[in-house]
Amino acid sequence: MDEKYFPEQVEKKWQQRWRESRAFEASNDDPRPKFYALEMLPYPSGFLHMGHVRNYAIGDALAWYKRLQGFNVMHPIGWDSFGQPAEQAAIKRGVNPRDWTEENIAHMRGQMQRLGISYDWSREIAAHRPDYYKWDQWFFLKMYERGLAYKKMSPVNWCPNEGTVLSNEQSSGGVCWRCGATVEKRDLEQWFLRITDYAEQLVEDMKQIEESWPEKVLKRQRDWVGRSEGAFIDFAVKDSKDKIRVFTTRIDTIYGATAIVLSAEHPLLEKLLETSALRDDVNRFAEKIRNKNASRGRAADQEEEKQGINTGVLAVNPFSGETIPVWVANYVLMEYGTGAVMSVPAHDERDYEFAQKYSLPIRRVIERVSHEQESIAHDPSSEDQSLAMQHAFTDYGIVVDSGEWSGKLSTVAMQEMAAQAKAQGFGEAAVTYRIRDWGVSRQRFWGAPVPIVYCENCGTVPVPYDQLPVVLPETAAFTGTGESPLAGVADFVNTTCPKCDGPARRDTDTMDTFVDSSWYFFRYCDPRNDSAPFDPEIARHWTPVDQYIGGDSHAVMHLIYTRFWTKVMRDLGLVSFDEPVKRLLTQGMVTNRVEGTDEWKAMSKSLGNGVDPDDMIVAFGADAARLFVLFAAPVENELRWSETGVEGSARFIRKVYRLVYALSDTLKRHASQQEPERKDFTTAALSLRRHTHKTIARVTNYFAGLGLNTTVAAEMELSNALIDWIEGRVKQFTAEPGLEAEPGFQELVNDVRTMLVHQQLAAMMDWYVAKELGKPSELRTLEFKSIAAEFFAVREALEALVIMLAPFAPHVAEEMWQHLGHEGGLLKSASWPQANAELARNEELEIPIQVNGKLRSRLLAAPEVTEEELRTAALNDEKIRAFIEGHEVVKVIVVPQRLVNVVVK
RNA sequence: GCCGGAGUGGCGAAAUUGGUAUACGCACCAGACUCAAAAUCUGGCGAGGUCAAACUCAUGUCGGUUCGAGUCCGACCUCCGGCACCA
């Protein structure tokens, strides 16, 4: 151990030792309880950014903590290495996507190792390697067998300028993200996974995780699934056998329906119009709306004015028998429900707006449940009138003017009406979902090929399992024309049919990269298995994931896909639970000031406010950078970057390092090896131990809730307390008369806090011990046992501090641990310190005394003090007497061990 | 518009969940050391008030509950996220 702290030396040294000793490789057979700590696997863009550093620092702190607590910790990492950037690099610069990806992985792996994250590198995986994506294909085939993977025509986003397909994200707002051209819809045959089959479970199973996943993530998933309870109702078309099925969540308002409104894409529309005189006008209108819908997609960010047209067709309300007109309008979406709605202007805002514009009747059939206040001085009819004029009344209430249901509560009517619809065969209670099946086909090269073959004779044929993987060719022509580059690789496309051996063509699309990340953390359990995606027995040992950590940008996509995938795996018999992740933490963003402004924004190249982790490692060390990231803000908050903040963390590390350096030799010489008996501890030693054990309890408690910032703060407090304590002891030692003359000691006393005189501090302690013990026993101020006990307390504090620092600054913690006398052992085999409640207990309590709730005095009391004693002491307190003099004491509130409040009049 | 979350010093934030508000750190000011700077150390640091105290006021605003409210209840204001014609 150097006198001075050089992070680059310390960090290199321990990184090497960890690597050589395979310190963080987790065994599947370890008998200790397991803990699976997981961070979201990165896309290998080439460079780690601060968001990654934060993510991994959090995960690593937890992994270290659990390891020190005696858990068998698995902390793996891998690469989400399929995806568009590699292909873009190929198109733009002609590099091979595989080479580009491998180089990026190599560089980022180096960065992670320089950060000293305690990953189990033996379990590293990468999605682009055939031994991984083979299992993507395997899962695809399993789903195909079960009808969970199917092919259908579907519109995709198409940029006419670049001649390429875009994802929904890349065509946000209806324009191409690169060239700004208006995106068109094109119909393509695409593969879908039937996530809608699991819609109900995706909502229902949230109950299993609602305590341990962030509410905002659950909420977004709930919104995304969009579960909605209501009813289907069939309206018969007048003079026809056709029926129009609508979905409504407010069947109780059905007597207020004054029209049926269809979406422009409604399949029945054409047939209905056959007999209509308005046919041409309606068709022209519907065509216009369809075109508009197609070109803008669903991403339109502005609500359009409602437009509609009467078809001239009439429909019959099955409840009232009333005949109402059928309209077509732009505000009804084909994608949701049945693409047709009953329009109830009195009780739906959209219908109200529509009815106003086209002068449709507005009929009120729900009244507010009356409150006493409402009956005052208002003419009810005029109030109704004004209400109806301005708004739809969308609350539940009492059904009126609705035949036999009049006078019933909405909630009651809804149930009874749905039951009647069912009994009479014109409808039923129903649940609809907003979520739609997951389109996984991508017309791209850099992904897992879809393992399907098309044969002229046999049609669509799945590739047999024993022919997996369908290997991606070495390279292809990256023209960027929009068709999958695989289509141009003749060797790949042309194959023979597995069934009939005749000529066949392969599917040339690849799978969405979210497929890779839907199950990757199961692969970590058994990463080299070549006969299954993983051994269910081994996975049973490790999964579900105990703690998952990542950004909330994946709140919907990845985290809903992986929940879906887990349920499919459960149904395949691979796992035995519903939810893959027990606890989820979504960390906040890392932001930095945008130069020349007061704005804090996420670090990015384009804003020029990025900070390179490597620069921080060089300047301050990985330990200081990691410590800062965890200390500066609660993990779920935004983290504002501050270089002076990192300096502060480095300062703290240096302080502790010097303390260990200054004291370790002395501790080796003088500290008792065994824990001394209680009577041998001086009062001073006990007060230090109290601080140590209180801190252990606090830190352990904070860690349980992932309050990492307060954990670090508590550790800083302990180090401050230890320094204060040493200063106090040195001053006391040297206060003996005559010592002023001893050479160097006056400077020592003055300088003890500067920590510039370590050797002198150690020498002084040695000298002092010798001097004390050299005295005749009656003149000694301290006995040998007490000295040994006092140094024991110091060592206890330092060791606890070093162990508790390991999750935040592991390299320097290892260095200090070794220097504290644990040569040859690694910190990972140390044990997390145990808080001793007896030792943590205060000798004396400081009890605040209030008069009428305002703090007026304090008094010191023993922890055993009774309520009565506290009350008496408070009333006799000099300051308190001044306050209560001349007033009547009404009441004295005593909170045991806590506080006294004197209430006066 | 709807649904969430949050408002505490100059800044990031603490507060054992109703009991001493502002821990810990950053920035800043003064001092020590230094030829000087850096580093390090010491002291100060919510506002008002005072030589110093005492004391008064402060957790977005206004009310309420309570002996006691940053914390609980009601109304409002502001900011940040998500969704957005979902029937």
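Quick note: the coordinates plus some simple rules give every number you see, no bench work behind them. These numbers were taken from a predicted model, which means no experiment stands behind them. Cβ atoms come from the backbone with ideal geometry, glycine included; neighbour counts cover every protein chain shown.
Quick look at the values:
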{"quantity": "Theoretical gain in end-to-end length, A:D242 to A:S228 [0.36 nm per residue, Cα-Cα removed]", "calculated": "2.4 nm"}
{"quantity": "Inter-probe distance in nm under a simple model that places probes 7 Å from Cα toward Cβ, at A:D501 and A:Y336", "calculated": "5.6"}
{"quantity": "Global geometry of chain A, whether rounded, prolate or oblate, following the gyration tensor of its Cα atoms and the 1.5 cut on a/c", "calculated": "oblate"}
{"quantity": "Cross-link partners of A:K288 among lysines (Cα-Cα below 16 Å; sequence separation of 8 or more within a chain)", "calculated": "A:K185, A:K306"}
{"quantity": "Those lysines that a straight Cα-Cα span of less than 21 Å connects to A:K668, excepting residues fewer than 8 apart in one chain", "calculated": "A:K4, A:K655, A:K771, A:K785"}
{"quantity": "Distant-in-sequence amide H partners of A:G312 (H built 1.01 Å from N, under 5 Å)", "calculated": "A:V326"}
{"quantity": "Spin-label model distance (nm) - A:S642 vs A:Q16, 7 Å beyond Cα toward Cβ", "calculated": "3.7"}
{"quantity": "FRET efficiency estimate (nearest 0.05) - Cβ-Cβ, A:R284 to A:A704, R0 56 angstrom", "calculated": "0.25"}
{"quantity": "Whole-Hz ³J(HN,Hα) from phi, Karplus 6.51 cos²θ - 1.76 cosθ + 1.60, for the range A:531-548, glycine and proline x", "calculated": "10, 7, x, 5, 7, x, 5, 5, 5, 4, 5, 8, 9, x, 4, 6, 9, 10"}
{"quantity": "Sequence of A:V463, A:V699, A:V556 once ranked by neighbouring C-beta atoms within 10 Å, starting from the fewest", "calculated": "A:V556, A:V463, A:V699"}
{"quantity": "Neighbour cut-off at most 16 other Cβ (10 Å), DSSP loop, GluC sites (Glu not before Pro), the range A:508-600", "calculated": "A:E595, A:E599"}
{"quantity": "Cα gyration tensor category, rounded, prolate or oblate, for the range A:647-727 with a/c compared to 1.5", "calculated": "oblate"}
{"quantity": "Whole-percent pair-distance distribution, where bins are 5 Å wide, for the alpha carbons of the range A:542-639", "calculated": "3, 11, 14, 17, 16, 12, 10, 9, 6, 3, 1, 0"}
{"quantity": "All lysines inside 26 Å of A:K134 as judged from Cα atoms, apart from same-chain residues fewer than 8 positions distant", "calculated": "A:K142, A:K151, A:K152, A:K499, A:K567"}
{"quantity": "Average Cα contact separation per residue, the range A:843-890, under 8 Å, 6 or more apart, as relative contact order %", "calculated": "32"}
{"quantity": "Mean residue ellipticity (222 nm) of chain A, computed from DSSP H runs ≥ 4 via -39,500 (n - 2.57), nearest 500", "calculated": "-12500 deg cm²/dmol"}
{"quantity": "Cleavage-rule hits, GluC sites (Glu not before Pro), the range A:619-694, DSSP coil, Cβ neighbours within 10 Å at most 16", "calculated": "A:E636, A:E638, A:E677"}
{"quantity": "Sequence of A:C458, A:C497 once ranked by neighbouring C-beta atoms within 10 Å, starting from the fewest", "calculated": "A:C458, A:C497"}
{"quantity": "Förster radius 30 Å - calculated FRET efficiency between A:K216 and A:E274, Cβ distance, rounded to 0.05", "calculated": "0.05"}
{"quantity": "Measure of compaction for the range A:846-905 (Cα Rg per 2.2 N^0.38 Å)", "calculated": "0.99"}
{"quantity": "Gained length - A:E428 relative to A:K152, 0.36 nm times residue gap less alpha-carbon distance", "calculated": "96.5 nm"}
{"quantity": "For A:A23, net neighbour charge (Lys/Arg +1, Asp/Glu -1) across residues whose Cβ lies under 11 Å away", "calculated": "+1"}
{"quantity": "Cα gyration tensor category, rounded, prolate or oblate, for the range A:205-293 with a/c compared to 1.5", "calculated": "prolate"}
{"quantity": "Space enclosed by the convex hull of the alpha-carbon atoms of the range A:495-562, per residue, Å³", "calculated": "137"}
{"quantity": "Potential lengthening between A:D612 and A:Q113 on full extension [0.36 nm per residue; Cα-Cα distance subtracted]", "calculated": "178.1 nm"}
{"quantity": "Cα-projected label distance for A:R881 with A:E8, points at 7 Å along beta-carbon direction, nm", "calculated": "6.9"}
{"quantity": "On Cα atoms only, tilt of A:84-93 relative to the major axis of chain A in degrees", "calculated": "80"}
{"quantity": "Mean Cβ count within 10 Å, highest first, over the residues of peptides A:692-698, A:433-439, A:852-858", "calculated": "A:692-698, A:433-439, A:852-858"}
{"quantity": "Two-site FRET efficiency, A:Q897 against A:F47, from Cβ-Cβ distance with R₀ of 35 Å, rounded to 0.05", "calculated": "0.05"}
{"quantity": "Rounded to 5, percent antiparallel among DSSP beta bridges of the range A:487-641", "calculated": "45"}
